[in-house]
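Colleague: Quick one: structure below, then a few questions.
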Amino acid sequence: MTDQNGSLLILSGPSGSGKSTLCRELCAAFDFATLSISTTTRSPREGEKDGEHYFFTNHESFQSAIHRGDFLEWARVHNNLYGTSKSWVESALAADKTIIFDIDVQGQASLKKLYPRAATSVFITTRTSEVLRERLAKRATESADAIETRLVTAAEEMTRIAEYDYLIINDNFETSLTALKSVAIASRLKRGESEIADFTARWNACDPQNACAIRKS
Ligand code: 5GP
């Protein structure tokens, strides 16, 4: 057993909570962390690059990917489709990486079901809905209508906070990042039942200096 394990660190929360920036900073901070890049049918926002922020695709290709079983999970959010690549997650886990997911509440429920032990989830939000409204307006990437849609979705997402392992209220970016780094480190110390059983068996195995000598006496 290695000292630290691959893990899934799921971050959800309203758009505008600062979640995406926290994800990116977290990945930059640790060699073991890697960001899961989702596929989406949403159009790129200004400055977003294909393969870096998302893999942008059309509805038809997304549907084909669903039928091929390419996604570990997928969901409709704000009338767009978003999905997590199955093969990519599996190979990152095999390489003992901690995969950082910026996904919605539906995605976290699916991943928690698939990886009950290896998945750790964190909900990130603003202190009030008003702060969220201000941040979205300041970001100026959406129309007034789209902002209202996002606020409605945010209120719905907030009803599911109890499903998450941790809650971060992002008043201060540095404080939130420190908290998130601690959770990422801790997530790698989780162990599955079979791993614990292997470790315990080896721990109990004959050690001529100690266990066997004591048992024989
Ligand atoms: P945005 O359009 O603002 O980038 O993302 C909208 C929402 O979709 C966010 O809550 C984001 O976390 C979520 N999202 C992004 N990728 C995925 C994914 O692969 N699966 C799921 N379930 N949600 C995603």
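The values are calculated or read from the model by the stated rules, or taken from the named source; none is laboratory data. Only a predicted model underlies this, so the values are computations on that prediction, with no experimental measurement involved. Quick reminder, even Gly has a Cβ in these numbers, built from the backbone with ideal geometry, and neighbours come from all protein chains shown. Just so you know, the surface numbers come from the protein's heavy atoms only, side chains and all, with ligands and any DNA or RNA stripped out. Shrake-Rupley method; radii C 1.70, N 1.55, O 1.52, S 1.80 Å.
Colleague: When residues of the range 101-136 are filtered for being within 15 Å of the ligand (Cβ to nearest atom), open to solvent by 30 Å² or more (accessible area, probe 1.4 Å) and in contact (Cβ under 8 Å) with a residue 40 or more places away in the chain, how many remain?
Modeller: Of the residues in the range 101-136, 6 are within 15 Å of the ligand (Cβ to nearest atom), open to solvent by 30 Å² or more (accessible area, probe 1.4 Å) and in contact (Cβ under 8 Å) with a residue 40 or more places away in the chain.
Colleague: Could you list all residues from the range 152-165 that are of a type in the set (A, V, I, L, M) and buried (at least 16 other Cβ atoms within 10 Å of the Cβ)?
Modeller: A154
Colleague: Can you tell me which residue is farthest from the ligand (Cβ to nearest atom) among those in the range 1-17 that are among the small types (G, A, S) and more than 22 Å from T178 (Cβ to Cβ)?
Modeller: So the residue we want is G6.
Colleague: Please work out if R117 is assigned to a loop (DSSP other than H, G, I, E, B) and within 24 Å of V89 (Cβ to Cβ).
Modeller: Against the criterion (assigned to a loop (DSSP other than H, G, I, E, B) and within 24 Å of V89 (Cβ to Cβ)), R117 qualifies.
Colleague: For residues in the range 18-47 being closer than 29 Å to I185 by Cα and acidic (D, E), which is farthest from the ligand (Cβ to nearest atom)?
Modeller: Top of the filtered list is D31.
Colleague: How many residues are open to solvent by 70 Å² or more (accessible area, probe 1.4 Å) and more than 17 Å from S7 (Cα to Cα) if we restrict to the range 174-208?
Modeller: So the count comes out to 10.
Colleague: Looking only at the range 84-100, count how many residues are away from the ligand (no atom under 11 Å from the Cβ) and outside any helix (DSSP H, G or I).
Modeller: The qualifying residues number 6.
Colleague: Criterion first (in contact with an Asp or Glu (Cβ under 8 Å, 6 or more places away or on another chain) and open to solvent by 30 Å² or more (accessible area, probe 1.4 Å)) does R139 satisfy it?
Modeller: no
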